[in-house]
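Heads up: the structure comes next, in structure tokens.
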Amino acid sequence: MAVINDYPFFKLNPSSKDNYQLHIDLSVQILKSQNQALVVHLKNFLVYLVSPLEIEKIFQSAIEQIALADEQSCRWILQNRDYLLPEIDLIEIAQQMIKIILEKQGFIIGQDFQFHNRTQLSGCPYVIKQLSLNEQSELTESQNKLFNLMKEEFLLIEPTNIT
């Protein structure tokens, strides 16, 4: 079994100006390992170096990079998203992406679409059609890839008449 010291990223120079990118690179390596124990060690390591908001940003950047480069590892992360709580809530990230996509197109939450049980979304036919597209102009390439994997792994999007 690999231990945290086997990863050279854990021997970081704290004075390096590139720490943020190093933390992302480390997170990519650890998350791709698909090893729950290493993920726990990574979270504990980052807690001593950066703020909770920075940890969330680091994990989101790492997961987006993984979505582009290693679909299998990204699926593992999405299926085991509870390992990353409370530092990052991937369901909340998915909801934020949906809100960005739909609100920029004039849709109104509660009127045109709404969330149920955190991973279920219902909406008018236009909302469903928009979310079924593989490319969302409101998202970056890596966010699009991640969003599409989220739709496959845990988001349930269904048509409903909202009144």
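The values are calculated or read from the model by the stated rules, or taken from the named source; none is laboratory data. All values derive from a computational prediction rather than experimental measurement. Using ideal geometry, Cβ is built from the backbone for each residue, glycine included, and neighbour counts are taken over all protein chains shown.
Among the residues of the stretch 56-64, are any touching a His at 6+ places or on another chain (Cβ under 6 Å) and either farther than 23 Å from residue 22 by Cβ or in the same structural domain as residue 21 (by TED's automatic domain parsing) (or both)?
Looking through the stretch 56-64, at least one residue is touching a His at 6+ places or on another chain (Cβ under 6 Å) and either farther than 23 Å from residue 22 by Cβ or in the same structural domain as residue 21 (by TED's automatic domain parsing) (or both).
Between a residue in the stretch 55-82 that is farther than 17 Å from residue 41 by Cβ and surrounded by fewer than 18 Cβ atoms within 10 Å (Cβ to Cβ) and any residue that is at pLDDT 95 or above and among the basic types (Lys, Arg), which pairs come within a Cβ distance under 7 Å, given they are 6 or more apart or on different chains?
Close Cβ pairs (under 7 Å, with a partner that is at pLDDT 95 or above and among the basic types (Lys, Arg)) amount to 68/145; 70/32; 73/32.
Taking the residues in the stretch 129-163 that are part of a loop (DSSP other than H, G, I, E, B) and of a type in the set (A, V, I, L, M, F, W, C) as candidates, determine which candidate is farthest from residue 66 (Cα to Cα).
162
Condition test on residue 16, is it over 20 Å from residue 90 (Cβ atoms), small (Gly, Ala, Ser) and either at pLDDT below 95 or within 25 Å of the chain's Cα centre (by Cα) (or both)?
Yes, satisfied.
If the requirement is being touching a Pro at 6+ places or on another chain (Cβ under 6 Å) and loosely packed, with under 15 Cβ neighbours inside 10 Å, which of these qualifies: 52, 125, 86?
None of the others qualify; the one that does is 125.
Tell me, please, whether a residue that is more than 24 Å from residue 151 (Cα to Cα), assigned to a loop (DSSP other than H, G, I, E, B) and either modelled with pLDDT of 95 or more or outside the structural domain of residue 143 (by TED's automatic domain parsing) (or both) can be found in the stretch 32-49.
The answer is yes; a qualifying residue exists.
With the structure loaded, tell me whether residue 115 is in contact with a strand residue (DSSP E or B) (Cβ under 7 Å, 6 or more places away or on another chain) and either closer than 15 Å to residue 28 by Cβ or not hydroxyl-bearing (Ser, Thr, Tyr) (or both) or whether it fails that test.
It is true that residue 115 is in contact with a strand residue (DSSP E or B) (Cβ under 7 Å, 6 or more places away or on another chain) and either closer than 15 Å to residue 28 by Cβ or not hydroxyl-bearing (Ser, Thr, Tyr) (or both).
When the residues of the stretch 122-163 are narrowed to those that are small (Gly, Ala, Ser) and in contact (Cβ under 8 Å) with a residue 40 or more places away in the chain, which ends up farthest from residue 99 (Cα to Cα)?
Result: 142.
For the stretch 108-126, check the following and say yes or no: at least one residue is more than 16 Å from residue 143 (Cβ to Cβ) and assigned to a helix (DSSP H, G or I).
yes
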